[in-house]
1. Across all directions of projection, what mean area in square nanometres is found for the Cα convex hull of the chain?
2. Taking the Cα of GLU154, stepping 7 Å toward and past its beta carbon, and measuring to each backbone N in segment 165-208: which are under 19 Å?
3. Using alpha carbons only, what's the Rg to Rh ratio of segment 29-181 with Rh from Kirkwood?
4. So, R0 is 41 Å and r is the distance between the beta-carbons of LEU332 and MET1; what FRET efficiency does that work out to, to 0.05?
5. Report the full-extension gain for the segment SER82 to HIS221: residue separation times 0.36 nm, less the Cα-Cα distance, to one decimal in nm.
6. Long-range amide H contacts for VAL158: which residues qualify at under 5 Å (H placed 1.01 Å from N, peptide plane, sequence gap of 5 or more or a different chain)?
7. With a cut-off of at most 10 other beta carbons within 10 Å, and DSSP calling the residue loop, which GluC sites (Glu not before Pro) in segment 178-240 qualify? Please list them.
8. Put a dot 7 Å past each Cα toward the Cβ at LYS242 and VAL325; how far apart are the dots in nm?
Amino acid sequence: MKLIWYLLVKLYVRTGFAFYFKKVEIEGIENVPKNTAVLFVANHQNALIDPLLLGAFIPRQLHFLTRADVFHKPIIRALLSSVNMLPIYRIRDGRDSLSKNEEVFQKCFKILNSKGTVLIFPEGNHNIQRRVRILSKGFTRIVFGALDEYGDHELMVVPVGINYTNARKYASSVSLHVGEAIRANDYYQREKHTVSSAELKAEVRNRLKKLTTHIEDPEKHDYLESCFREDEFLDPLKVNFKLEQPELLNPVVGDQSPDFNMLMPLVKFNSFFPRLIWKYLKPRISEEEFISTYKFSVGITAFPLFYIAQSWVLALFFGSGAGWVYFGLSLLSVWLLTKSR
């Protein structure tokens, strides 16, 4: 029953992304092992959108390690747990809470032992900048802890680069670049976890730096980012090649924002109340990395619910046919707006 629920949520979220992103590109999906334990590791720019994207498009049932503070409300905790999300505690959650991670790690060991999959963001936090930060040791602890307990099983680490044209905007585009699998067993030394951890962290970070845009110097980040058109960031190989020749880079001249779209006022008028919810929430977002998460959450809940309610009212007065036509046209207008921006 839980698997059916997971697949239904996956389908719904994936459908929601079709109305939120102009384009989703996936490269290297053939690198995902089919019948072995996998720890997926990815860069982290965009709060809950990152795990939702991987959950929606990776062809395996994922278990997600997610920052514990989003589990505080009981209803949210129940919902996240129902789709295989596990809380991971950080120092900012209180030193006493760190002990709870041991139980979470044990769950990960059992999942991997049963040839399941776990997704972790090894940078340990999110940041909107386009660079791969220093990796924490948490993911290597899971890898080598699992091999300590179940060393006779093969364990693969698969790096994934997530690349947005603009992580804050609706109707932006995103590319997922799945790298070749790393056989964790080849790095495993039971009595030398520190050495094994350092070697695996270095290899994973090196792979991630090739799978996503990596601007090494944060002080030069904004300038170097301005030297590219937003759609160029979908191809990290080309972007990183250009970054190696900074003397040839110059800021892109001109406004990259889309021209006026005739569908925009129509969709805004037809979505008046859901947009009020977004306007209420927007000033309360304290981290820019959560802007897209809130937009998408409102988009897949308030918008369709409002269209359903409006369709029901029309059906009462003008018949079910009118209600269905309105509902279909409402969804079509949003989809066309997303794809034409």
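1. 20.0 nm²
2. 179-189
3. 0.95
4. So the FRET efficiency works out to roughly 0.75.
5. 46.2 nm
6. Here LEU39, PHE40, VAL41, ILE182 satisfy the definition.
7. Loop-located and lightly packed - GLU191.
8. Result: 4.8 nm between the two label points.
Computed from the coordinates by the stated procedures, all read-outs in this text should not be read as laboratory data. Worth saying up front: this structure is predicted, and the values here are computed from it rather than measured. In this analysis, Cβ positions are derived from the backbone assuming ideal geometry, glycine residues included, and neighbour counts consider all displayed protein chains.
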